[in-house]
1. What is the number of the single condition among (1) part of a loop (DSSP other than H, G, I, E, B); (2) crowded, with 19+ Cβ neighbours inside 10 Å; (3) more than 14 Å from ligand 1 (Cβ to nearest atom) that residue 240 does not meet?
2. Would you please list the contacts, defined by Cβ atoms under 8 Å and residues six or more apart or on different chains, that run from a residue in segment 18-41 that is farther than 19 Å from residue 54 by Cβ to a residue that is of a type in the set (A, V, I, L, M, F, W, C) and part of a helix (DSSP H, G or I)?
3. For the list (1) within 16 Å of ligand 1 (Cβ to nearest atom); (2) touching a strand residue (DSSP E or B) at 6+ places or on another chain (Cβ under 8 Å), I need the number of the one condition that residue 169 fails.
4. Restricting attention to strands (runs of 3 or more DSSP E) lying wholly within segment 291-368, give those where 3 or more residues are among the charged types (D, E, K, R) and outside the structural domain of residue 144 (by TED's automatic domain parsing).
5. Going by the conditions given, is residue 218 assigned by TED's automatic domain parsing to the domain that holds residue 257 and either under 15 Å from residue 162 (Cα atoms) or loosely packed, with under 14 Cβ neighbours inside 10 Å (or both)?
6. Is it the case, given these coordinates, that residue 363 is of a type outside the set (Asp, Glu) and more than 27 Å from residue 282 (Cβ to Cβ)?
7. Report yes if some residue within segment 251-269 is of a type outside the set (A, V, I, L, M, F, W, C), under 22 Å from residue 337 (Cβ atoms), buried (at least 17 other Cβ atoms within 10 Å of the Cβ) and more than 16 Å from ligand 2 (Cβ to nearest atom); otherwise report no.
8. Among what's in segment 268-290 and is outside any strand (DSSP E or B), free of Cβ contacts under 8 Å to residues at least 60 places away in the same chain and at negative phi, pick the residue that is nearest to the chain's Cα centre (by Cα).
Amino acid sequence: MSKDYYNTLGINKEASQEEIKKAFRKKAHEHHPDKGNGNADKFKEVNEAYQVLGKPEKRRQYDQFGTTFEGMGGQAAYDAGFDWADMFRQGGPSSGYRTSGFNINFDDLGDIFGDFFGGSRTSGRSSRGVDMEASLTIGFEEAVFGIEKVLDISKQIVCDKCRGNGAEPNTKIINCKTCGGSGQVTTTQQTFFGAFRSNSVCQNCGGEGKVSEKKCTQCHGSGVTQGQERIKVKIPAGISNNETIKLSGKGEAGVSGLPAGDLYIHITVPPHHQFSREGDNIFTAKNISFSQAALGAKVRVKTLDGEVNLKIPSGTQSGRQFILKNKGSHKLRGRGRGDMIVEVKIQVPGNLSQKQKKLLEELADEGL
Ligand SMILES: [Zn+2]
Ligand SMILES: [Zn+2]
């Protein structure tokens, strides 16, 4: 008996192409082998049904000839240990995999893999370790001048016993039996669409062509173990709140000696009680008295480099800004430093002594 593709997808013979696509997605999700309760056989059947019903012309053939495909049909081919899921991974979600007979529609499958792998995975065998993120809070001055910090990061690290190659030390390295040392596996399948050949990376040796006679007893051949790494982070002078530093190759170690992922460190700089920052410039306020503003004065102003003198000219209004050149933040990109901007605020005295009051009354009489 031939297979009933309509039944496989749970639709009737009048279903529209859109309904077929929908049914395929639903079923493929349901049976996807990467899911805990997935079913590889059913997944294959669903794909096979969709390869026919999903394409109007093939669907017409199938509708017309129905059972005549028996014996030539896909069952034998798909049962011969062919792993659809593997093949899709090799091809990648949207790459379109051309074969001698037909073209598998990866655009449809792309959505499915997107869902399963959070949209970021493009191949089943990851080519490097996982990226990691960490947060680090530093002081205002540390951000301005730069600093070196030490972080202890728990992550997947290279196995120290086998140094990442997954082989038990002092055991022989032999040619992979699965691929005969080529690192590639070629699968040829006869389907009623024609011969079907696919090349894929050998899963046994990961494409290396060589395997160890005995797997590393510490990492069981993966080349990685769970551990900690002490990482020195050089924080550049001039970094700002909410900026991120990328440390290439400091993420999780890759399996089987593959490169590590990256480590992203998010920097937080809490506000300072006296200074604020805008780009490379630092702002501060300085209180002066009415007489200093009126007569002019020399005052001391705190900067990140210690106190400096600031000359207040006579007749200075409240809110006037003075620029202290090169007393700002170091520039993150480029050389030199920004400026410090000092805004003066004239304080109106509150509690006056008898003498002060008398003098101010005299000033008032003079029109001040
Ligand atoms: Zn190991
Ligand atoms: Zn191999």
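1. (2)
2. So the pair list comes out as 33/40; 33/43; 33/85; 34/85; 34/116; 35/116; 40/84; 40/85.
3. (2)
4. The qualifying strands (runs of 3 or more DSSP E) are 297-303.
5. Yes: the conditions hold for residue 218.
6. Judged against the criteria, residue 363 is a match.
7. No: zero hits.
8. Restricting to residues being outside any strand (DSSP E or B), free of Cβ contacts under 8 Å to residues at least 60 places away in the same chain and at negative phi, the top hit is 280.
The values are calculated or read from the model by the stated rules, or taken from the named source; none is laboratory data. Given the structure is predicted, the values throughout are model-derived calculations rather than measurements. With ideal geometry, Cβ positions are generated from the backbone for all residues, glycine too; neighbour counts draw on all protein chains shown.
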